[in-house]
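What follows is one structure encoded as structure tokens, with my remarks underneath.
The values are calculated or read from the model by the stated rules, or taken from the named source; none is laboratory data. The structure displayed is predicted, hence computed values, not measured ones. Every residue, glycine as well, gets a Cβ built from its backbone with ideal geometry; the counts of neighbours run over all protein chains shown. Remember, those area values only see protein heavy atoms, side chains included, never the ligands or the DNA or RNA. Shrake-Rupley method; radii C 1.70, N 1.55, O 1.52, S 1.80 Å.
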Amino acid sequence: MPTPYKRKLRAALPKSGMKYHSEKKLMHNHRREKRVTDSLKAAGYQITHAAITSVLVDLFRKAAPIVAEAHAQGEALWDSLSRVQTEIDWARNLPEAIFFELVVRFVEARYEWEKNPTYPYYAYELYNPAVVELVKFLASIGDHGANNSWVLTDAVFFNELARGLDVDEDEDEDTMMMDYNPHGSGFSDENEDPIVGDPIVGDIVPPLAQMTIQEEEL
């Protein structure tokens, strides 16, 4: 029988105006989802619809100016989100790869909904503040839908090029990101070569053309 955390975060997310890849989870796997849930709880947040809505409003409001300025200067999404992370109490102790995936998941979910908008909205969360703030965030950073999204394009480059994450699924997911240029070619790591066979971002953030992740067996 699944443990409660496996479904709790996903159930607390805003539903109107969003189409998530799974009814069971937001993140690629339940272990990563638990890391997010644990970080929220450790910072004193309850995993309820109202609390998560407030958390997401704060996230997108803080992220907007940082990501917009960084993008205007040609900076990669990974780097700008790393700075956003330092401004958010519950996110500071998360591995950067998990926070990166978390933000991309919400962008994906919004654009998936926009491909085939579903009406009516859920009455109890009409114009959910978190979704409204997400839409404002996307507008402020100049992201213009699934077919013209630099956020998702950066995620694809990250997926294809940034093979330097040393993620040990049996240990705390402490990660190290190589320097890379999503608008150029290649990347560099001053310490060592990528470790073949380790879980990489390709297993975490799918290419835009392959957003849907197969369900894990529970």
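Going residue by residue through region 31-51, is there one that turns out to be surrounded by fewer than 19 Cβ atoms within 10 Å (Cβ to Cβ), small (Gly, Ala, Ser) and either touching a residue at least 60 places away in the same chain (Cβ under 8 Å) or in contact with a His (Cβ under 7 Å, 6 or more places away or on another chain) (or both)? No, region 31-51 contains no residue that is surrounded by fewer than 19 Cβ atoms within 10 Å (Cβ to Cβ), small (Gly, Ala, Ser) and either touching a residue at least 60 places away in the same chain (Cβ under 8 Å) or in contact with a His (Cβ under 7 Å, 6 or more places away or on another chain) (or both). Kindly indicate whether Glu108 is open to solvent by 10 Å² or more (accessible area, probe 1.4 Å) and either closer than 23 Å to Lys15 by Cβ or among the basic types (Lys, Arg) (or both). It is true that Glu108 is open to solvent by 10 Å² or more (accessible area, probe 1.4 Å) and either closer than 23 Å to Lys15 by Cβ or among the basic types (Lys, Arg) (or both).
Within region 39-96, being outside any loop (DSSP other than H, G, I, E, B) and more than 20 Å from Ile141 (Cβ to Cβ) holds for Ser39, Leu40, Lys41, Ala42, His49, Ala50, Ala51, Ile52, Thr53, Ser54, Asp89, Trp90. For beta carbons closer than 6 Å, sequence separation of 6+ or different chains, a first residue in region 129-156 that is in contact (Cβ under 8 Å) with a residue 60 or more places away in the chain and a second that is of a type in the set (A, V, I, L, M, F, W, C) and part of a loop (DSSP other than H, G, I, E, B), the qualifying pairs are Ala155/Val205.
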